[in-house]
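A.B. asks: Okay, handing you the structure first.
What follows is calculated from the coordinates using simple rules that are stated; it is not laboratory data. Everything quoted here is computed from the prediction, not taken from an experiment. Quick reminder, even Gly has a Cβ in these numbers, built from the backbone with ideal geometry, and neighbours come from all protein chains shown.
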Amino acid sequence: MINFRCKPFHELTAPQLYAMMALRQEVFVVEQNCPYLDADGKDMNCWHLMGYDTDGKLVAYARLIPKGVSYKNFASIGRIATAASVRRTGAGKELMKAALDWMEQQFTGDSIKISAQTYLREFYENFGFVVSGEEYLEDNIPHLPMVR
């Protein structure tokens, strides 16, 4: 069971920010061998969904992005990550359900667009996302635009 908390950037504590950045780098930079600038200037305008295990360790994270920050006409969810220790336990599904619930609370009625890694297409389709364009490379990884 994951305990979720969601905060705007200005309410994050230094330890929360550090854990969030460490998990994102662990997953996207180290595991996926994808050097890129994670600090892209968007975090300060976003809500940050953090999922903690029973020991209080951050094991799941998603960035909830208001309309106009990543996409002109869509809100978005990005930097969706789970720690290796909780994969294949349903943690990813818990994270997406919580992210969609928080999106509805924070950005009521806004359509959501994501940049999904292609291999996760079916995962996102199970949450109501549909492919909305052609596959493209982002940081040398195949992605699909998807909308809900």
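A.B. asks: Go through the range 31-67 and count every residue that is farther than 30 Å from G109 by Cα, exposed (fewer than 11 other Cβ atoms within 10 Å of the Cβ) and among the hydrophobic types (A, V, I, L, M, F, W, C).
C.D. replies: Of the residues in that region, 1 qualify.
A.B. asks: Here is a further query. Tell me whether the range 115-122 contains one or more residues that are in contact with a helix residue (DSSP H, G or I) (Cβ under 6 Å, 6 or more places away or on another chain), of a type in the set (A, V, I, L, M, F, W, C) and surrounded by 12 or more Cβ atoms within 10 Å (Cβ to Cβ).
C.D. replies: So far as the range 115-122 goes, yes, one or more of its residues are in contact with a helix residue (DSSP H, G or I) (Cβ under 6 Å, 6 or more places away or on another chain), of a type in the set (A, V, I, L, M, F, W, C) and surrounded by 12 or more Cβ atoms within 10 Å (Cβ to Cβ).
A.B. asks: Which members of the range 13-72 meet the condition of being in contact (Cβ under 8 Å) with a residue 40 or more places away in the chain and aromatic (F, W, Y)?
C.D. replies: Answer for the range 13-72, where residues must be in contact (Cβ under 8 Å) with a residue 40 or more places away in the chain and aromatic (F, W, Y): F28, Y36, W47, Y52, Y61, Y71.
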